[in-house]
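Just below is one structure, and these are the notes that go with it.
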Amino acid sequence: MKTLRLVWIYPDLLSTYGDRGNVLILERRARLRGIPVETVEVKSDEKVPADGSIYLMGGGEDLPQTLAARRLLADGGLHEAVRAGGVLFAVCAGYQMLGHDFGGSDGATVQGLGLLDMRSARAEPRSVGEIVADVDPALRVPRLTGFENHQGQTQLGPRARPLSRTLLGVGNGDGTEGAYQGKVLGTYLHGPALVRNPGLADLLLRWATDSELPALPPEAETLSGRLRDERLAAVSTAAAQ
Ligand code: GLN
């Protein structure tokens, strides 16, 4: 079976709130299904390889986010990978960077990577807290639970589809959360997102392997199930309002 190649982009600039956990979950869920997997960490002074299967970008502070966007635009490897059908999963700062542009720390508009048809402006107040959202049924992913902390308000264009509709929290700011376009998917969810939402990890693995995946044995889901139940129960009253 072909080795699944995970590419963790710029851990030195983009990795807040334990976003690295997303890499660990993809590795684990692939291995438990017998899919060989290797992970490449690409620091911000290194070239992005174009032959990865799943690319991951985490959250970041405003300045590292701007720096990362500049470097990725100049590098071109990520664009080449997406053109070749690679899967891209991006969180928060990483998500904002995928749009046409986003609001930088000094209020200036910063050019994004243009891999998702959307743009993000800076908005007050900052969105901080738990988020619960129901995913576009076409993606077959259970309800999302996560944590958001961002200043962005994100507006999708016609080519990007909302990933989900919020029951609790702010997300994009218009009742939706996250976006996807082809095999490029972004979300404001930390937590880390794939640890709290293994169904989202399995979506990325389905896209990357171009196949349906067998369910994992129940004992392999015990801890993630407990975490999900705990987080969803903690906000259930708020989400119901
Ligand atoms: N710097 C961005 C914002 O505040 C993203 C923050 C993050 O990744 N947590 O909107």
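The values are calculated or read from the model by the stated rules, or taken from the named source; none is laboratory data. In this text the structure is predicted, and so the values were computed from the model without any measurement. All Cβ positions, glycine included, derive from the backbone under ideal geometry; neighbour counts span all protein chains shown. Side chains included, ligands, DNA and RNA excluded: accessible areas come from the protein's heavy atoms. Shrake-Rupley method; radii C 1.70, N 1.55, O 1.52, S 1.80 Å.
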Q | Virtual spin-label span in nm between Asp136 and Leu24, 7 Å along Cα→Cβ | A | 3.0
Q: Give, rounded to the nearest 20 debye, the magnitude of the charge dipole that the chain has about its Cα centre when Lys and Arg contribute +1 at Cβ and Asp and Glu contribute -1 at Cβ.
A: 460
(Q) Could you tell me the relative contact order of the chain? Use alpha-carbon pairs under 8 Å, at least six residues apart, and round to a whole percent. (A) 19
(Q) Please report the antiparallel percentage of DSSP beta bridges with both residues in the chain, rounded to the nearest 5. (A) 60
Q) Which of the GluC sites (Glu not before Pro) across the stretch 128-220 are loop residues per DSSP, with 16 or fewer other Cβ within 10 Å? A) Glu212
Q: Note down the accessible area of Arg161, probe 1.4 Å, to the nearest 10 Å².
A: 120
Q: Place +1 on the Cβ of every Lys and Arg and -1 on the Cβ of every Asp and Glu in the chain, take the dipole about the Cα centre, and give the residue among Ala133, Pro214, Gln65 whose Cα lies farthest towards its positive end.
A: Pro214
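Local charge sum around Phe102 (other residues, Cβ-Cβ under 14 Å, Lys/Arg +1, Asp/Glu -1)?
Net charge around Phe102: -2.
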Q: Give the Kirkwood hydrodynamic radius (Å, one decimal) of the chain, defined as one over the mean of 1/r across all pairs of different Cα atoms.
A: 17.7
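Using only the heavy atoms of the protein chains and a 1.4 Å probe, how would Leu232, Leu4 rank by accessible area, largest first? Mind dumping the intermediate values first?
On the way: Leu232 45, Leu4 10 Å².
Correct descending sequence by accessible area is Leu232, Leu4.
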Q. Roughly what % of DSSP beta bridges within the stretch 33-165 run antiparallel, to the nearest 5?
A. 75
Q | Portion, in percent, of the accessible area of the stretch 146-241 that falls on carbon or sulfur, probe 1.4 Å | A | 53
Q. Residues of the stretch 1-95: accessible area per residue at 1.4 Å, in Å²?
A. 41
